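A quick write-up on the structure given underneath.
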Amino acid sequence: AGLPLSKQIVVNGFVTGKGGVKMSKSLGNVVDPIEIIDEYGTDALRYYALREVHPFEDSPFTLEMFKESYNANLVNGLGNLVSRTMKMSEDFGTKYTDEHIQQVIDAVYEDVFEQGSPFRKAIEEFRFNDAMDAVWQLIASADEHIQITQPFKMAKENKEKAQEDLFFVIHILIQIAQMLKPMMPETAEKILQTIKENKKPAEPLFPRK
């Protein structure tokens, strides 16, 4: 064909049914990805495929496992963090300017996506599960910061301090959005848009199922 030889070959594992059993119509353990997308959205399936399915080893997939992960990590995790953070930001009148948002985005690219950084290296080595884990570590740190500083209580005593604490969390949200762009682009855009509008999302990022 006149094409150059491959420089790298990536061999992924199989997606199996419960207990590692091969999927087959006769066993009834086949899952239709289109049906999942219709009910949960593309990014929800992207999330599961990138974080819960191992890039090189066999991984089981059932609707029960998918739904459990969806509710725990997308509904209660990322979705809840965005909703409550932006609800406080809206109530406090805390607003990021477009210039400030761009400054944070530029800083993220210089840090997180720089050559040799752990996050970029994970993606380049097809360890997408490790890259997603890094994002969810940030989600956990943002949740912890809110839990410790409690800006919703601090606002009654010192609104300026509450806004500072909230700025820190919004900074993390911008970083999360940028890191998710290659993997969950629709969600990343929704997060940035809600920050620009300084409003709680009219609809949850991930409705509970």
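The charge dipole of region 47-89, taken about its Cα centre with unit charges on the Cβ of Lys, Arg, Asp and Glu (plus for the first two, minus for the last two), comes to roughly 420 debye. Phi angles of region 57-68 translate, via the Karplus equation with coefficients 6.51, -1.76, 1.60 and θ = phi - 60°, into HN-Hα couplings of 10, 5, 9, x, 9, 9, 4, 5, 5, 4, 5, 4 Hz per residue; Gly and Pro are given as x. Stretched out straight at 0.36 nm per residue, the stretch from Ala107 to Glu203 would grow longer than its current Cα-Cα span by 31.6 nm.
Can you tell me which of 60-71, 169-180, 111-122, 39-50 comes out highest on packing, and rank the rest after it, using the mean Cβ neighbours within 10 Å? Spell out each step's value before the answer.
Values: 60-71: 16.4, 169-180: 21.9, 111-122: 12.8, 39-50: 19.4.
The peptides rank, most packed first, as 169-180, 39-50, 60-71, 111-122.
The mean sequence distance of close C-alpha pairs (under 8 Å, at least 6 residues apart), as a share of the length of the chain, puts its relative contact order at 27 percent. Taking 0.36 nm per residue of separation and subtracting the current Cα-Cα distance, fully stretching the chain between His54 and Thr16 would add 12.5 nm. Given the C-alpha centroids of region 100-173 and region 17-50, what is the distance between them in whole angstrom? Comparing the Cα centres of region 100-173 and region 17-50, I get a distance of 31 Å. What does the charge add up to near Lys121, with Lys and Arg as +1, Asp and Glu as -1, over the other residues with Cβ less than 11 Å from its Cβ? Result for the local shell: -2.
Per residue Cα convex hull volume for region 79-148, in cubic angstrom?
Working: hull volume 7.5 nm³, N = 70.
Value for region 79-148: 107 Å³ per residue.
Take 87-96, 18-27 and order them by the average number of nearby Cβ atoms within 10 Å per residue, most first; the result is 87-96, 18-27. Label zone (Glu35, point 7 Å along Cα-to-C-beta; backbone nitrogen cut-off 15 Å) within region 51-88: 61-67.
Going through (1) 42, 19, 17; (2) 30, 19, 16; (3) 35, 22, 14, the figure that equals semi-axes √(5λ) of the Cα gyration tensor in Å as computed for the structure here is (3).
Of all lysines in the structure, the ones whose alpha carbon falls short of 29 Å from that of Lys196, not counting any fewer than 8 places away in one chain, are Lys87, Lys95, Lys153, Lys156, Lys159, Lys161, Lys181, Lys209. Residues within the reach of a label modelled at His100 (point 7 angstrom out along Cα to beta-carbon, backbone nitrogen below 15 Å), restricted to region 170-190, are 170-175. Each residue of region 165-178 was assigned a 3J(HN,Hα) from its phi angle through the Karplus expression (A = 6.51, B = -1.76, C = 1.60, θ = phi - 60°), giving 4, 6, 4, 4, 5, 5, 4, 5, 4, 5, 4, 4, 4, 5 Hz with x at Gly and Pro. For region 1-94, the spherically averaged projection of the C-alpha convex hull amounts to 10.7 nm². The fraction of accessible area contributed by carbon and sulfur in the chain is 52 percent, rounded to a whole number (1.4 Å probe; ligands and nucleic acids excluded). A simple rule links phi to the HN-Hα coupling: the Karplus curve 6.51 cos²θ - 1.76 cosθ + 1.60 with θ = phi - 60°, which for region 30-38 gives 7, 10, 8, x, 5, 5, 5, 4, 4 Hz, with x for Gly and Pro. Summarising the label geometry, the points placed 7 Å from Cα in the beta-carbon direction at Glu90 and Glu186 lie 2.1 nm from one another.
Between Gly17 and Lys22, Met23, Phe61, the built amide H atoms are under 5 Å apart, and every one of these is 5 or more places off in sequence or on another chain. Amide H to amide H, with H built 1.01 Å from N, Asn29 comes under 5 Å of Ser24, counting only residues 5 or more places away or on other chains.
The values are calculated or read from the model by the stated rules, or taken from the named source; none is laboratory data. Note that the structure is a prediction, hence the values are computed from the model and not measured. Don't worry about glycine lacking a Cβ; one is built from the backbone with ideal geometry, like all the others, and counts go over all protein chains shown. Areas reflect the complete protein model, heavy atoms only, side chains present, ligands, DNA and RNA absent. Shrake-Rupley method; radii C 1.70, N 1.55, O 1.52, S 1.80 Å.
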